[in-house]
Each structure stands twice: as C-alpha cells, then as structure tokens.
Amino acid sequence: PAVTGAVGSVRDRPESGLKPEPVVTAAVTEPVTAEGIPVAAPAPAAPAQLFEPGRWADLLDALNFSGVLQNVASNCELRQVEGNKAYLVLDEANGSLYNPGVDAKIARALSQLLEREIHVHVEIGSPRHETPAARSQRLLDERLAQAVVSIEQDPRVKLLLDTFAGTLDRDSITPIKH
C-alpha cells in the first residue's frame, strides 16, 4: 500500500521521536465457516466426471493448456455435451483469438485426458454462464476489494494517515497471492 507523506515524513524527521512502522500488508484468508473452521476443498473429480456443462473450469485445469490455447479455452463456456461431442461458446470479446485449429487442439487434449475420442466445435457468441476467465477475474476483483477494506480499516494505517495527513493510494493495493 502507498501512504503518501507518511513514510518519508518519519524518516526525514528523526527528532520527532517516532519510529517508522513496518509495511502493512493485507492477507486475504481462505473461506471459513461461521465458527471459524476452514472450509475443506472438495476432493478432485475424475476427468470423465468433469466432462459436462458447468464443470468446464475444473476440466480446463486438468488440461494444463498454456498461451493462446489457454486464453481461448478459458474464455469459453462448455455449452453442451452430446456423447463424444463438445460444443463450446467463445466469448465474443475474445473472438479475435480464435482460429480453426483451436477446435482440433482442444479435441486432442480432451481425447487424451478422457481416454476416448472427443470432437469439439467452438463458436463465437455470448456465454450464458461465467467462463473460467471471467470467474478468475471476478475472484481477483473480490480479493482486491477485501484487501482494500483490510488496509483502510487497519488501525496502524489510519494512525499514519491521520498523523501525517496522508492519503491512501488505493490503486497501489494488491492482494497477497497464496
């Protein structure tokens, strides 16, 4: 977090008798129950159980794509599965990433993972549900909002801001990666 005026003021005035405070960081914690008990992560599902609409994000994690293929696949929704056919909808905002070879690459990876032949058809359109990329962005935004609140409510930060008439640069706050 950036607190303008605070850190420099303490260091520049040793006669004030104030010692610089350590840098304040905000930890975003894992989910817990109302009783404070950590919520256990569900056991990983077998790949075949993931081959259904609504489980695309989990299946995508198992595919370990990278680069443009990861970008395309994470911006898709698995709209429908019919036997060995998968119908994906690529968010039109990312349609420029698409090329016809993507279908074959995703199909090859799915076939290998599921140990059976899979055919993939990708169309550009509007997903009805949250894509893995949209979910990742939403979770990042939520963690950032939690970090901002945590920093703003921290008594040490408040004291520094009040003491040195500082301001908090909210754009400099980033959540801690776990």
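The values are calculated or read from the model by the stated rules, or taken from the named source; none is laboratory data. Please read all numbers here as calculations on a predicted model, not as lab measurements. Heads up, the Cβs are rebuilt from the backbone with ideal geometry, glycines too, and the neighbour counts pull from every protein chain shown. For the accessible areas, the whole protein counts, side chains as well, though only heavy atoms, and no ligand, DNA or RNA atoms are used. Shrake-Rupley method; radii C 1.70, N 1.55, O 1.52, S 1.80 Å.
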Across segment 125-149, what is the total count of residues that are open to solvent by 50 Å² or more (accessible area, probe 1.4 Å), in contact (Cβ under 8 Å) with a residue 60 or more places away in the chain and of a type in the set (Gly, Ala, Ser)?
1
Scanning segment 151-178 for residues that are within 19 Å of the chain's Cα centre (by Cα), open to solvent by less than 70 Å² (accessible area, probe 1.4 Å) and over 26 Å from ASP61 (Cα atoms) gives SER172, ILE173
Please determine, by comparing only the residues of segment 79-92 that are of a type in the set (A, V, I, L, M, F, W, C) and at pLDDT 95 or above, which one is nearest to LEU59 (Cα to Cα).
LEU88
Being open to solvent by 90 Å² or more (accessible area, probe 1.4 Å) and part of a loop (DSSP other than H, G, I, E, B) is the filter; apply it to segment 109-124 and report the residue that is nearest to VAL72 (Cα to Cα).
GLU117
When segment 89-125 is examined, which residues are found to be of a type in the set (S, T, N, Q) and over 20 Å from ARG55 (Cβ atoms)?
ASN94, SER96, ASN99
